[in-house]
Structures are given as structure tokens and as C-alpha cells.
Amino acid sequence: MPPSVRRARGRDKGVKMNATRLDATGRSLEISCRGCGSVNRVPLGRLQQKPVCGRCHQRLVVDHPVEVTDQTFDALLRESAVPVLVDFWAPWCGPCRMIAPELEKLASEQQGRLVIAKLNSDENPRTSERYGIRAIPTMVLFRGGQEAQRLQGAMRAPQIAATLGL
Ligand SMILES: [Zn+2]
């Protein structure tokens, strides 16, 4: 690996938390480039097409869960070219904290094939009500915008992947 790439990876650690987010419309992801740090706006419908950075042409990767809200939820489901796994969670929920790193792992393993979105059910009651979320964590898999499968409780990444047939 050339030294320039190693340096870029080291620098990335500082921005990891904000590396990827949905934009305000819910139609695009804002992805920080690992190479040069530029923020690239990538429409959700183009995620599968191996997008590259507009400035340095390095591959853009989405290997973390993205945050979704009542405002962006519908657009995310409508626009995503790949299945979306939504984690309904809340900050006070212990099992939710347990699955957070498992979802990080899954997002990394499934990059380009699955979007993992986290919805804080305390702050976004409308979507939680609409899907009848009564216990958290609840994970709902959407394919083509439609609910395909629902999982409840704490699970490890391999168990989630196996249950969802990923
Ligand atoms: Zn770049």
C-alpha cells in the first residue's frame, strides 16, 4: 500500500462519526471521501454503481449505518436502489446499545448491497407509530420500499445476516 493511502486512512478516523449522512431531502447520501475528505453527494439510486469521489476519484464507501428521521424516511425507502434495514432504537435502551456495533459490522460487510438506517424512535414517533413499533430494538427490512421482514431483540451480525438471507 502506498504511503499516501495509509496517511489518508489515518486521517479519516477523526471524521468517522460523520462520514455518511442522508441529506435533508432523504434522496442522497453525503459521503466523506476517505482519500481527500471531500463531501460527495450521491443519489441513493446510484449507490450500487460503485460511486467515486468527484475530486480524487477514489471509491466512495458507505460502511456505516446512516441516520434517518420522520422527514427523510419515505424518501430513503423510495430512492434506495438496494434493500434498507431500519433499526428502530432509543438512547435509553440497553439491547439497542448492544446491537449498535453489530450493525456497524453488518454495514461494513454489506456495503453497496444494503443500506442500514437508524431511526431514533423517541425523536421520530410518527414513523415508529406507522410501523407499529412496540418494542425496541426492532429491525425492519424493506425491499423495494415494502416491508419484507422484521426482527426483534438483540442479535449478533452473523445471526442478523443469516435470518435476513443476506
Ligand atoms: Zn476524494
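The values are calculated or read from the model by the stated rules, or taken from the named source; none is laboratory data. In this text, all values refer to a predicted model and were calculated from it rather than measured experimentally. Note: ideal-geometry Cβ built from the backbone for every residue, glycine included; neighbour counts use all protein chains shown.
In table form, for the structure just shown:
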{"quantity": "Condition broken by Pro83, with the remaining ones in (1) farther than 17 Å from Val140 by Cα; (2) surrounded by 17 or more Cβ atoms within 10 Å (Cβ to Cβ) satisfied", "calculated": "(1)"}
{"quantity": "Count of region 132-154 residues which are out of contact with any strand residue (DSSP E or B) (no Cβ under 8 Å at 6 or more places or on another chain) and more than 16 Å from Leu114 (Cα to Cα)", "calculated": "4"}
{"quantity": "Within region 37-48, considering residues that are loosely packed, with under 15 Cβ neighbours inside 10 Å and not in a strand (DSSP E or B), the one nearest to the ligand (Cβ to nearest atom)", "calculated": "Ser38"}
{"quantity": "Subset of region 136-166 (residues that are small (Gly, Ala, Ser) and not in a strand (DSSP E or B))", "calculated": "Gly144, Gly145, Gly153, Ala154, Ala157, Ala161, Ala162, Gly165"}
{"quantity": "Some residue of region 113-135 being farther than 28 Å from Val42 by Cα, outside any helix (DSSP H, G or I) and among the β-branched types (Val, Ile, Thr)", "calculated": "yes"}
{"quantity": "Selection count, region 22-31, where residues are surrounded by fewer than 20 Cβ atoms within 10 Å (Cβ to Cβ) and within 15 Å of the ligand (Cβ to nearest atom)", "calculated": "1"}
{"quantity": "Which numbered condition Arg126 fails, given (1) in contact with an Asp or Glu (Cβ under 7 Å, 6 or more places away or on another chain); (2) surrounded by fewer than 14 Cβ atoms within 10 Å (Cβ to Cβ); (3) modelled with pLDDT under 95", "calculated": "(3)"}
{"quantity": "Tabulated pairs, region 53-64, first near the ligand (Cβ under 7 Å from one of its atoms), second outside any loop (DSSP other than H, G, I, E, B), C-beta under 7 angstrom, 6+ apart or interchain", "calculated": "Cys53/Asn40; Gln58/Val52"}
{"quantity": "Matching residues in region 53-68 - criterion: being more than 8 Å from the chain's Cα centre (by Cα) and within 18 Å of Phe142 (Cα to Cα)", "calculated": "Val68"}
{"quantity": "Residue that is more than 16 Å from the ligand (Cβ to nearest atom) and touching a strand residue (DSSP E or B) at 6+ places or on another chain (Cβ under 9 Å), where the choices are Asp70, Asp74", "calculated": "Asp70"}
